[in-house]
1. Averaged over all directions, how much area does the convex hull of the C-alpha atoms of the chain cover when projected, in nm²?
2. Tell me the mean residue ellipticity at 222 nm calculated for the chain from its helices only (DSSP H runs of n ≥ 4, each -39500 (n - 2.57), averaged over every residue, nearest 500).
3. Tilt of helix 7-23 relative to the longest C-alpha principal axis of the chain, in degrees (0 to 90, nearest 10)?
4. Round to a whole number: what % of the accessible area of the chain belongs to carbon and sulfur, probe 1.4 Å?
5. I need the shape label for segment 1-71. Rule: rounded when a/c is under 1.5, else prolate if a/b > b/c, else oblate, with a, b, c from the alpha carbon gyration tensor.
6. Working from Cα positions, state the angle (0 to 90°, nearest 10) between the long axis of helix 31-49 and the longest principal axis of the chain.
7. Classify segment 114-174 as rounded, prolate or oblate, taking a ≥ b ≥ c as the square roots of the eigenvalues of its Cα gyration tensor: rounded when a/c is under 1.5, otherwise prolate if a/b is larger than b/c and oblate if not.
8. Before I look further, what does the chain give for accessible area per residue, probe 1.4 Å, in whole square angstrom?
Amino acid sequence: MPADSAPDVQARVIARVKDEIAKDHPAAEGMVAASAAKIEGLRAFIEEKGLVGLPPAESLRVEPMPAFKRAGIGAEYLSPGLLGPPEAWRGTYYVEPPDPAWPPEKVESYLRGWNETEIALTAAHEAYPGHHVQAWWSLRERSPLRTALWSGTFVEGWAVYATSLLVGQGYGGERNDRYLFADLRGWMRVAANA
């Protein structure tokens with residue numbers, strides 16, 4: 001699309017791209033497994049590029065979001081207590097599958113929003129190289145004061161930066177343009193919400 005295309009033409013092209021990306025999603029019952037399947041590829045890409053040291057693979061679990069926490073948010077990372085012993089440190093990446101009580105059109109809409117591209121970028125944000133990696137590195141500084149007074153802004157900033165770094169380094173190979181599109185859309189939402 002030429003850069004000087006009319007805004008209505010640009011909007012139609014963007015909508016078509018978004019629609020094509022959204023079609024590529026797992027089945028409702030496979031959402032948690034699809035998220036877990038992204039982890040190994042993210043780790044391999046980070047190690048291949050030498051982006052950051054990673055915690056041991058067994059230090060992260062990917063599980064369905066507990067029922068009492070489900071509200072349609074998609075995913076979250078739960079870091080273990082950073083004042084506990086490092087050898088017992090395990091983080092959990094929770095993925096929220098669609099509610100089976102939802103009508104089919106709501107399930108489909110939810111899954112289109114949590115398509116394969118968004119699932120990968122969310123796994124990057126929550127786990128590798130995002131929150132899980134940042135929490136693991138913070139174990140190197142065992143100051144109780146620094147651990148207790150962590151910065152939410154820094155933690156989210158790292159996860160957003162790290163996700164964009166992956167995209168900028170070519171994550172997804174031939175499909176990198178999908179990740180770039182989704183990442184830029186995320187940045188536009190941040191700007192609009194600020």
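1. Values: hull surface 51.6 nm².
About 12.9 nm², averaged over all directions.
2. Values: 8 runs with 105 residues, N = 194.
So the calculated ellipticity at 222 nm is -17000 deg cm²/dmol.
3. Result, in degrees: 60.
4. Numbers: 6430 of 10910 Å².
The nonpolar share, carbon plus sulfur, comes to 59 percent.
5. Numbers: a/c = 3.16, a/b = 1.57, b/c = 2.02.
It is oblate, given that a/c is not under 1.5 and a/b is not larger than b/c.
6. Between the helix axis and the principal axis of the chain, the angle is about 70 degrees.
7. Values: a/c = 2.89, a/b = 2.48, b/c = 1.16.
Prolate, since a/c reaches 1.5 and a/b exceeds b/c.
8. Working: 10910 Å² over 194 residues.
On a per-residue basis, the chain sits at 56 Å².
The values are calculated or read from the model by the stated rules, or taken from the named source; none is laboratory data. Being a predicted model, the structure only gives us computed values, none of them experimental. In case anyone asks, the SASA skips ligands and DNA or RNA and just uses the protein heavy atoms, side chains included. Shrake-Rupley method; radii C 1.70, N 1.55, O 1.52, S 1.80 Å.
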